[in-house]
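Throughout, read-outs are computed from the coordinates displayed, never taken from laboratory work. All of these numbers come straight from a predicted model, not from anything done at the bench. All Cβ positions, glycine included, derive from the backbone under ideal geometry; neighbour counts span all protein chains shown.
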Amino acid sequence: MAATAVILCSCAASSPKDKASVLASLETYANDGKVLFGHQDDPCYGHSWAWESGRSDVKEVCGSMPAVLGFDLGGIELGSPKNLDDVPFELIRQESIRHYEAGGVVTFSWHVRNPLTGGDSWDVSSAEVVGNVLDGACKEKFQEWLGRLADFLGSLKTADGTQVPVIFRPWHEHTGSWFWWGQDLCSKEQYTALWQLTYDYIVGQRGLSELIWAYSPGAGTDAEGYMERYPGDAVVDILGVDCYQYGDNESYISLVKGTLAYMADLGRQHGKTIALTETGYEGIPYPKWWTEVLLPAVSEAPVAYLLVWRNAHDKPGHFYGPWAGCATEEDFKAFYDSDETVFLKDLN
Ligand code: BMA
């Protein structure tokens, strides 16, 4: 088992990786009891800086970039040059390709605007949006939006024309009702049809077969709730979950552990890798959060990667990763040193 793992990993790091080898490599790390560390928007801006090429809050603390970089595509559907957090899409494109070439993994979320009301993803003033996207007033507009999304995804190519395999995580946290595609805003049939429509256009019509599709409900449900709107094994590659800490350490650890335990069973049943697709504790008020809370929360389950949310430069206190001088700096170094965690340096 261990020998197989070594061969797979070194093979994946030395040759250009396609979708299948990225997935195989993630699965191998997970089965080896290791987890790739990820951070949203890491090379674009940090706790007290923005748009300075070569910087990374994570690297400034531990010496390595994260293994996984997350970016958000919200705004691509409108053809805007920047996403909802002012990150230029051209920067996302360059950093994604650069990270892939350095051996890392890239994942995209999509806080897409509300096509019916003109509001943002969080505009839940109408429960008619998904219905209108599928077969109503927004059908045509949404096709155009998908077209712009696919144009961007298709542009992720290395100089030799290799399509960069990225993890795409649309329609996330749908078990809650804070996005227009959430639980109370559409039926199960409408949700799965929305996923299928997205998949059919991007993969079927546009031929973007290198995308790795991640399903990520919110935490706080059980295995049945988790799977209630599962769009099917044919259109999902990774079983993810978004789970944040809002209360005490023990409640978070037990929520993450419990959720990952049933996801591990589901992963085995469906032949899918599992991941903690978004997590974190805003402002990280506990100095040993990395080694005493996050690590124990994930260490029992075969979690391929975890991604902590962004370190906003323009929203005081809104950070989920470490930064030089922060209260958890020493603990993050210990987290980095742990045999269980994998950073970009370990992938080369
Ligand atoms: C949220 C916050 C917002 C941000 C959004 C999309 O969780 O970080 O400030 O606009 O994610 O990145």
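Can you sort Glu95, Glu250, Glu282, Glu173 by how many other beta carbons sit within 10 Å, fewest first?
Ranked by crowding around the Cβ, least crowded first: Glu250, Glu282, Glu95, Glu173.
Anyone know which of Gly136, Gly182, Gly220 comes out most mobile in the 10 Å Cα GNM of the chain?
Maximum fluctuation in the GNM of the chain, among the listed residues, is at Gly136.
Using the Karplus equation 6.51 cos²θ - 1.76 cosθ + 1.60 (θ = phi - 60°), what ³J(HN,Hα) coupling, rounded to whole Hz, does each residue of the stretch 185-196 give in order, writing x for Gly and Pro?
In residue order, the calculated couplings are 9, 7, 7, 4, 5, 5, 5, 5, 5, 5, 4, 4 Hz.
With θ set to phi - 60° and the Karplus curve 6.51 cos²θ - 1.76 cosθ + 1.60, what are the ³J(HN,Hα) couplings of the stretch 116-130 in order, to the nearest whole Hz, using x for Gly and Pro?
Once rounded to whole Hz, the list reads 8, 9, x, x, 8, 4, 7, 7, 10, 6, 10, 9, 9, 5, 4.
Sort Arg268, Arg98 so the one with the fewest other Cβ atoms within 10 Å of its own Cβ comes first.
Result, fewest neighbours first: Arg268, Arg98.
Convex hull volume of the Cα atoms in the chain, per residue, in Å³?
Measuring per residue, one finds 125 Å³ for the Cα hull of the chain.
Where does each of Thr198, Thr277 land when they are ranked from fewest to most other beta-carbon atoms within 10 angstrom?
Ranked by crowding around the Cβ, least crowded first: Thr198, Thr277.
Working from the alpha-carbon coordinates of the stretch 201-348, get Rg over Rh, Rh being the Kirkwood radius.
A ratio of 1.00.
Counting only residues 5 or more places away or on other chains, whose amide H sits under 5 Å from the amide H of Arg113 once H atoms are built in the peptide plane?
Distant-sequence amide H within range of Arg113: Gly75.
For a Förster distance of 22 Å, can you work out the FRET efficiency between the beta-carbons of Lys141 and Glu90, rounded to the nearest 0.05?
Between Lys141 and Glu90 the formula returns 0.35.
For the stretch 142-214, what D do you get in µm² per second when you plug the Kirkwood radius from alpha-carbon pairs into Stokes-Einstein at 20 °C and 1.002 mPa s?
Values: Rh = 13.3 Å.
Stokes-Einstein gives a translational diffusion coefficient of 161 µm²/s.
Give the long-range amide H neighbours of Thr273: residues separated by 5 or more places, or on another chain, with amide H under 5 Å away, using H modelled in the peptide plane at 1.01 Å from N.
Long-range HN contacts for Thr273: Leu239.
Using only helices, what value at 222 nm comes out for the chain when you add -39,500 (n - 2.57) per DSSP H run of length 4 or more and divide by the total residues, to the nearest 500 deg cm²/dmol? Show your work: numbers first, answer last.
Details: 11 runs with 120 residues, N = 348.
That comes out to -10500 deg cm²/dmol.
Counting other Cβ atoms within 10 Å, which GluC sites (Glu not before Pro) in the stretch 39-78 have at most 12 and lie in a DSSP loop?
Glu52
Could you derive backbone 3J(HN,Hα) for the stretch 91-108 from the dihedral phi with the Karplus parameters 6.51, -1.76 and 1.60 (θ = phi - 60°), listing whole Hz in sequence and x where the residue is Gly or Pro?
Running phi through 6.51 cos²θ - 1.76 cosθ + 1.60 with θ = phi - 60° gives 5, 4, 4, 5, 5, 5, 5, 4, 5, 4, 5, 7, x, x, 10, 10, 9, 10 Hz.
Aspartates and glutamates near Lys157 by alpha-carbon distance under 16 Å, same-chain residues fewer than 8 away left out - which ones?
Asp18, Glu90, Glu95, Glu101, Glu210
Debye calculation, C-alpha points only, no solvent: report log10 I(q)/I(0) for the stretch 30-97 at q = 0.19, 0.26, 0.28, 0.29 Å⁻¹, in the same order as the q values.
-0.76, -1.17, -1.29, -1.34
Enumerate the lysines that Lys141 could reach by cross-link, defined here as Cα to Cα under 21 Å, with residues fewer than 8 away along the same chain left out.
Within the straight-line limit of under 21 Å, Lys141 reaches these lysines: Lys82.
Compactness ratio of the stretch 79-187: Cα Rg over 2.2 N^0.38 Å, N = residue count?
Normalised Cα radius of gyration, the stretch 79-187: 1.19.
Just how far, in whole angstrom, is the stretch 76-105 from the stretch 120-187 if you go by their alpha carbon centroids?
Their Cα centres are 17 Å away from one another.
Order the peptides 305-312, 330-337 from the highest to the lowest mean number of other Cβ atoms within 10 Å of their residues.
Working: 305-312: 25.6, 330-337: 18.4.
The densest-packed peptide leads the list: 305-312, 330-337.
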